[in-house]
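J.: Shown below is the structure under consideration.
Bear in mind these aren't lab numbers, they're just calculated from the coordinates by the rules spelled out. Note that this is a predicted model, so its numbers are computed, not measured. Glycine gets a Cβ as well: all are built from the backbone with ideal geometry, and neighbour counts include every protein chain shown.
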Amino acid sequence: MKTVEDYKTIRQAYFLEKLSIRAIRREHGYSREFIRKAITNPAPQPYKLKEPRKAPVIGPYQQRIVGLLEESDQQPHKQPYTSQRIYEILVSEGYLGSRGSVLNYVS
C-alpha cells in the first residue's frame, strides 16, 4: 500500500530534483503509472466503491423498514419506533438477519 511518504518522495524527486519519471522508476522502484498518479495528486485518493454493496439478507426488508420509519414519524412524540423495536417487528415477519444490520440500516 502506498503511503503519503511515498507520494512525498516521488513529488520531491520530480519537482525539486528534476528527475524524469523513468529515473524515479529506476531509483525508487515504483511503477510509472503510480509515479504519474503521485505527480498529479498530492496525497493518496480515498477508496470509492464502484457500485453499492448488495444486502442479501436485509435487502427484501429495506422497503418495510422505510415504511416503519415513516409510520414512526406519524406517531406521538414519545412513541416512535426504536431500532430495536423495528428489528423485533421484522423478526416476527420472518427476518433471519442480525440485529446489527437492522440498526446500521436504520441509522
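J.: Which of the lysines could be linked to residue 18 by a straight reach, that is with a Cα gap under 21 Å, when you skip same-chain ones fewer than 8 residues away?
T.: Partners found: 8, 37.
J.: Assuming R0 = 25 Å, what is the FRET efficiency of residue 84 and residue 64, from their Cβ-Cβ distance, to the nearest 0.05? Show your work: numbers first, answer last.
T.: Details: r = 16 Å, r/R0 = 0.63.
Calculated value: 0.95.
J.: How many nm is it between the label spots at residue 51 and residue 73, if each spot is 7 Å from the Cα in line with the beta carbon?
T.: Output for this residue pair reads 3.0 nm.
J.: Counting Lys and Arg as +1 and Asp and Glu as -1, what is the net charge of the other residues whose Cβ lies under 11 Å from the Cβ of residue 89? Walk me through the numbers before you get to the answer.
T.: Values: positive: 64, 85; negative: 71, 88, 93.
Here the charged neighbours net out to -1.
J.: Just name one of 52, 39, 98: the one whose Cα is farthest towards the positive end of the charge dipole of the chain (beta-carbon charges, Lys/Arg +1, Asp/Glu -1).
T.: Toward the positive end, the furthest listed residue is 39.
J.: Between residue 101 and residue 36, what's the calculated FRET efficiency when r is the beta-carbon distance and R0 is 41 Å? Round to 0.05.
T.: Using R0 = 41 Å, I get an efficiency of 0.50.
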